[in-house]
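Here's the structure we're looking at; comments come further down.
The values are calculated or read from the model by the stated rules, or taken from the named source; none is laboratory data. Small disclaimer: the values here were computed from a predicted structure and weren't measured. Please note: Cβ atoms are built from the backbone with ideal geometry, for glycine as well, and neighbour counts cover all protein chains shown.
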Amino acid sequence: MSRFAKQNKYHFNYWLVVVSILALALLLRMGAHLIVEQGKHFINIGTAGITGVYYPTGTAICRLLDREAAYADVVLKCSPEATGGSIFNLNTMAHGDMAVGITQSDWQYHAWNGSSAFASRGADKSLRALFSLQVEPFTIVARRDANINTFEDLKGKRVNIGDPGSGQYANMKVLMKHLDWTDNDFTLVSQLKASEHAEALCDNRIDAFIYVIGHPNASIQEAATTCQVTIMPVEGPAIDSLLAENPYYVMAEIPGGLYRNNPDPVSTFGLKATLVAREDVSDEVAYLLVKSVFENLSQLQRVHPALMMLTPETMLEANSAPFHPGALQYYQEQGWLSDDEEK
């Protein structure tokens with residue numbers, strides 16, 4: 001065979017392999033997408049990092065759904081996925097590459113309405129609510145010697161409001177705007193990650209930090225056992241009006257006795273973790289999912305202390321997108337929602 005012929009054969013084989021790989025990848029992607037749309041054989045639930053509450057919650061939901069599907073003779077396999085969290089899950093779902101995801105109630109609202117981080121993409125009207133989960137209270141942890149007794153006492157102090165990609169940063173900015181505050185109202189505004197703020201507080205580099213998280217929390221526990229801290233209430237007319245203007249917020253209470261030297265419950269507001277689905281998840285699968293969770297709620301509650309306060313009534317709150325028809329059918333059968341209700 002001539003050198004020229006060998007080169008042509010090599011190039012032909014190379015491009016044949018490339019085209020074959022691309023075709024296979026396309027087929028796999030199409031197949032996976034169809035399976036998710038049909039909701040018959042595989043459903044993936046986007047969560048967050050494996051060390052938080054979302055991943056074990058998604059794992060437990062999948063376990064309950066698989067069992068319920070088996071009882072109903074439905075061929076289905078549910079798989080939790082560790083992800084980047086709320087916004088990642090919503091973007092992936094909008095692209096059709098994820099069937100179900102856990103997201104904070106504010107990001108569900110913004111995704112449905114095409115606002116905030118989703119303004120450039122636009123509203124995702126394929127989004128459907130399933131139910132809400134634990135409350136994630138807006139939490140202020142202050143050094144006891146910093147003379148911070150109310151939220152307003154943060155003025156003039158050194159405050160960590162979180163890194164710009166965090167939920168605490170976003171919610172602190174919403175509250176500051178509502179109160180007509182700016183960064184200049186503080187002596188220092190730091191943007192430390194959650195993994196850094198407890199040490200900074202006890203090293204006296206900041207006077208307080210903001211954290212939007214389910215309780216009990218290891219980072220707050222670290223601060224409370226290392227130095228003297230106080231969990232501050234966040235309440236009053238300004239907070240009442242904030243909640244009235246933003247339907248994704250809810251009143252919240254941090255139980256007393258979770259952290260050293262903080263024996264009393266603390267009133268605040270917060271967000272809720274919520275479970276959402278694409279509208280093309282079948283009604284049958286959505287029905288089985290909510291049924292498996294609500295009829296085995298005690299098993300889900302054992303996954304993490306933050307889930308212990310869940311009740312059917314609270315799990316229907318703080319959802320901005322319309323309920324998925326399969327979920328709505330179950331709620332109406334239980335008498336929790338009337339026939340004409342979509343929320």
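Look at the range 198-246 and say how many of its residues are more than 23 Å from LYS272 (Cβ to Cβ), in a loop (DSSP other than H, G, I, E, B) and not polar (S, T, N, Q).
Residues flagged as more than 23 Å from LYS272 (Cβ to Cβ), in a loop (DSSP other than H, G, I, E, B) and not polar (S, T, N, Q) within the range 198-246 amount to 5.
Given the options LEU289, LEU297, name the one that is at negative phi and touching a helix residue (DSSP H, G or I) at 6+ places or on another chain (Cβ under 6 Å). Step through it out loud before you land on a result.
Numbers: LEU297 fails: touching a helix residue (DSSP H, G or I) at 6+ places or on another chain (Cβ under 6 Å).
That would be LEU289, the only listed residue that is at negative phi and touching a helix residue (DSSP H, G or I) at 6+ places or on another chain (Cβ under 6 Å).
Could you go through the range 291-306 and let me know if any residue there is part of a helix (DSSP H, G or I), closer than 28 Å to GLN221 by Cβ, outside the structural domain of THR225 (by TED's automatic domain parsing) and without any contact (Cβ under 8 Å) to a residue 12 or more places away in the chain.
Scanning the range 291-306 turns up at least one residue that is part of a helix (DSSP H, G or I), closer than 28 Å to GLN221 by Cβ, outside the structural domain of THR225 (by TED's automatic domain parsing) and without any contact (Cβ under 8 Å) to a residue 12 or more places away in the chain.
List pairs: first in the range 101-119 and farther than 16 Å from ALA318 by Cα, second of a type outside the set (Asp, Glu), Cβ under 6 Å, 6+ apart or cross-chain?
GLY114/GLY122; GLY114/ALA123; SER116/HIS110; ALA117/ILE87; PHE118/HIS110; PHE118/ALA111
Looking at (1) touching a Pro at 6+ places or on another chain (Cβ under 8 Å); (2) at pLDDT 95 or above, which one does PHE131 not meet, given that it meets all the others?
Against the list (1) touching a Pro at 6+ places or on another chain (Cβ under 8 Å); (2) at pLDDT 95 or above, PHE131 comes up short only on (1).
Do we find a residue being of a type in the set (Phe, Trp, Tyr) and part of a strand (DSSP E or B) anywhere in the range 122-134? Show your work before the answer.
Looking only at the range 122-134, we keep the residues that are of a type in the set (Phe, Trp, Tyr), and these are 131.
With part of a strand (DSSP E or B) added as a condition, the list becomes 131.
For the range 122-134, residues of a type in the set (Phe, Trp, Tyr) and part of a strand (DSSP E or B): present.
Could you look through the range 20-69, keep only residues that are over 21 Å from ASP97 (Cβ atoms) and modelled with pLDDT under 80, and pick out the one that is surrounded by the most Cβ atoms within 10 Å (Cβ to Cβ)?
Top of the filtered list is GLY52.
List pairs: first residue in the range 81-96 and within 20 Å of ALA123 (Cβ to Cβ), second residue among the β-branched types (Val, Ile, Thr) and assigned to a loop (DSSP other than H, G, I, E, B) anywhere in the structure, Cβ distance under 7 angstrom, at least six positions apart or on different chains.
Partner pairs satisfying both residue conditions: ASN89/THR83.
Might you check whether a residue that is surrounded by fewer than 21 Cβ atoms within 10 Å (Cβ to Cβ) and among the polar types (S, T, N, Q) occurs anywhere in the range 206-217?
no
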